[in-house]
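Trainee: For reference, the structure I am asking about is given below.
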Amino acid sequence: METLKFIVNNLPAIGQRTVEHVSIVGVAVALAILTGVPIGIAITQNKRAADIVLYVAAIIMTIPSIALFGVMIPVLSLVGHGIGYVPAVIAVLLYSQLPIIRNTYTAIGNVDPALREAARGMGMSALERLRRVELPVAFPVIMAGVRVAVVINIGITAIATYIGAGGLGTFISRGITQTDSRQLVTGALAVSLLAIAADYALLWVQHRLTPVGLRPERTRRPIARRIPA
Amino acid sequence: MIRLDNLTKAFETPAGTVVAADHVTMDVADGEICVLLGPSGCGKTTTLKMINRLIEPTSGKIYIDGKDTDRIDPVALRRTIGYVIQQIGLFPNMTVEENVCVVPKLLGWSADKARQRASDLLASINLDPAVFMKRYPKELSGGQQQRVGVARALAADPPVLLMDEPFGAIDPINREVIQDEFLKMHRRLRKTVMFVSHDIDEAVKMADKIAIFRAGKLEQFASPDVILAHPANDFIAEFVGTDRTLKRLRLVKVRDALQPASPCVSSTDAVERAVALMDEQGYAFMIVVDEAGRPHGYVDIETVRDRSGAVGEHRAPLPATVRLEEDLRAAVSTMFMHDVRWLACVDGEGRFSGFVTQRGITRMLGKAYRAPAAAN
């Protein structure tokens, strides 16, 4: 009850922290897509490179976030960004690599060889095959990787408050230091809800952007309804 | 024309060098269907894929209409060669229309022209454009998908078509239908077709020429009739089957096996006239036709001799007839079914056109064995 009262009284602050949180995760994952998808595509060409890249990405994933933030402080201090927004974004960017690279690699690698052969035999160049066949077919799986990255990193970003990046983790850290369960629960609740909401929102985006011919039957709208009245 | 000149492909594998195609030399004339036939691993698919350079030859040359394909950029080359594969490979993210329009778009056709072409092609393969243009591949049956696959390969009107076991994954009933449709379309379009198959029956049905491969070597390259009548060696004889002479029945239409003289009388003629005719010409029976010329039964000289009246009163019913367009296999099958030694043949309007006899068919098939030189 007290927690509820706290939430109601602090709605503007919660909103502001949510915006901070979303901006860290949003910017970082967007950058991670720009790096991870091309890397994932590139490593389909070489099994050895793929093994190495996926191994490195997996190792990054195992570094505890609090340790990664610590390591970045002296390094990024050299450019004047030891703490705050920049290291938070970089950490999320790194943690996003594994799910995005791995899903891209798997999805492109699993494109039916018959499609690839047909595309090649019809005279599509490698780039045309990628753009018109392989990426559209791989899209749902790549997008699933992005969703995983977003959900994981909404959790990780909660730790970023310790390096002064703000976000919803602020409530949690203050709740701990001030032994204030209201703030603690508020922060935890907000992070969880944000993760769930983000996942559903991205799921919706995924369905919308998946080519109609690849959508599962139940999500396909009847033809008649798509014709404007 | 497609010319393969000493085409060779050797693959390096951990088990050593495998020669998938070994100095293959052959010419396929414009507008012909050439079936590359052989057991799996014989090099037929490798040979096919070297034509559109999906596989680069180790040595040897390929000429299409006299042009050395090595001198053409592979991507540009493939846009001028239709390609159909067994797994079909329709792009699931594209509608049927988009699938068919892939090559025209790559070639820079206008959207309208490409759409019109797709619509015409679908109509020509018995898929209603109004229904199918906007469908996605997953909404189509296997047979419909492969029809679209063929349409897609023909979209930019390439002079050459490569087909890699195109109908292999389709159920037997639909396969026959699609084969017939394809042959009908081929008679109209006259593409030069290279067609990989492992099915001798399909080869005999589709081919103008059959190329039989074994272990990378071209063992025999000849018309289906020559291959069936004169297999070059024991391997081919075994591959085409001990019933190879029966398979030749498929190659001959009833129209081409009609008895030279096929007498008939009208059902209103007098019996005496029919008997006189049969005596004079030495026939044992005659077909009776009605006013429209349709076969209406037959009369046997033994039963009508010394009878009188109209022929129609004495006719015996015909157990079956066969159409001119059917092949001899169907005709012989009908003969066996009804235990008869001859059949009356009818044309498209059902009019009597002559008859085929077991003896005539036997003689016709036997001709190839008596004069092997002439058959080539």
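Trainee: Taking neighbour Cβ counts within 10 Å as the exposure measure, how do B:Met364, B:Met163 sort from fewest upward?
Mentor: Lowest to highest Cβ neighbour count: B:Met364, B:Met163.
Trainee: A further question on this structure: Within the set B:Lys113/B:Lys134; B:Lys44/B:Lys138; B:Lys44/B:Lys209; B:Lys138/B:Lys209; B:Lys191/B:Lys367, which residue pairs have Cα atoms separated by over 24 Å?
Mentor: B:Lys44/B:Lys138; B:Lys138/B:Lys209; B:Lys191/B:Lys367
Trainee: In what order do B:Thr303, B:Thr245, B:Thr45 fall by count of nearby beta-carbon atoms within 10 Å, going from fewest to most?
Mentor: Sorted ascending by nearby Cβ count, the order is B:Thr303, B:Thr245, B:Thr45.
Trainee: Still on this structure, I have one more. Could you compute the net charge surrounding A:Arg132? Neighbours are other residues with a C-beta less than 10 Å from the C-beta of A:Arg132; K and R count +1, D and E count -1.
Mentor: Overall, the nearby charge balance is 0.
Trainee: Sticking with this structure for a sec: How much of the DSSP bridge set in chain B is antiparallel, in percent, rounded to the nearest 5?
Mentor: Looking only at bridges with both residues in chain B, the antiparallel portion is about 60 percent.
Trainee: Then there's this: What is the spin-label model distance, in nm, from A:Ala49 to B:Gln281 if the labels are put 7 Å beyond Cα along the C-beta direction?
Mentor: 8.1 nm
Trainee: Moving to a separate point now. Taking the Cα centre of chain B as origin and charging only Cβ (+1 Lys, Arg; -1 Asp, Glu), how large is the dipole, in debye to the nearest 20?
Mentor: Values: 48 positive and 50 negative charges, 184 e Å.
Roughly 880 debye, rounded to the nearest 20.
Trainee: Mind checking A:206-216 for the average number of partner chain beta-carbons within 10 Å of each residue's beta-carbon?
Mentor: 3
Trainee: As a footprinting exposure proxy, order B:His230, B:His296, A:His21 by other Cβ within 10 Å, with the fewest listed first. Walk me through the numbers on the way to the answer.
Mentor: Numbers: B:His230 17, B:His296 21, A:His21 27.
Least to most surrounded, the residues fall as B:His230, B:His296, A:His21.
Trainee: With just the Cα atoms defining each centre, how far is the range B:350-365 from the range A:1-41? Give it in Å.
Mentor: Between the Cα centre of the range B:350-365 and that of the range A:1-41, the gap is 86 Å.
Trainee: Can you compute 3J(HN,Hα) from phi for each residue in the range A:101-107, using the Karplus curve 6.51 cos²θ - 1.76 cosθ + 1.60 with θ = phi - 60°, rounded to whole Hz and x for Gly and Pro?
Mentor: 4, 5, 5, 5, 4, 5, 5
Trainee: Of the listed peptides A:5-12, B:79-86, what is their order by residue-averaged count of other C-beta atoms within 10 Å, with the highest listed first?
Mentor: Going from most to least packed, we get B:79-86, A:5-12.
Trainee: Then there's this: Between the range B:191-251 and the range B:43-97, how far is it from one alpha carbon centroid to the other, in angstrom?
Mentor: The range B:191-251 and the range B:43-97 have Cα centres spaced 23 Å from each other.
Trainee: Which whole-Hz ³J(HN,Hα) couplings does the range B:354-367 yield from phi under the Karplus relation 6.51 cos²θ - 1.76 cosθ + 1.60, θ = phi - 60°, glycine and proline marked x?
Mentor: Computed from phi, the couplings for the range B:354-367 are x, 9, 10, 10, 4, 5, x, 5, 4, 5, 4, 5, x, 3 Hz.
Trainee: Take every Cα pair under 8 Å in chain B that's 6+ residues apart, average their separations, divide by the length, and report that relative contact order as a whole percent.
Mentor: Here the relative contact order equals 15 percent.
Trainee: Other chains near B:131-140: what is the mean number of their Cβ atoms within 10 Å of each residue's Cβ?
Mentor: Values: counts 0, 0, 0, 2, 2, 6, 2, 4, 3, 0.
Mean partner-chain Cβ count within 10 Å for B:131-140: 2.
Trainee: Which whole number gives the average, over all residues in B:90-100, of C-beta atoms from other chains lying within 10 Å of the residue C-beta?
Mentor: Averaged over the peptide's residues, the number is 5.
Trainee: Mind jotting down the distance between the C-alpha centroids of the range A:81-104 and the range B:117-131, whole Å?
Mentor: First find each Cα centre; the distance between them is then 51 Å.
Trainee: Whole-Hz Karplus ³J(HN,Hα) for the range B:238-245, in order, using 6.51 cos²θ - 1.76 cosθ + 1.60 and θ = phi - 60°, x for Gly and Pro?
Mentor: Rounded to whole hertz, the list is 6, 5, 7, x, 5, 8, 4, 5.
The numbers here are math on the coordinates, done by the rules we state, and not lab data. Keep in mind it's a predicted model, so treat the numbers as computed, not measured. Please note: Cβ atoms are built from the backbone with ideal geometry, for glycine as well, and neighbour counts cover all protein chains shown.
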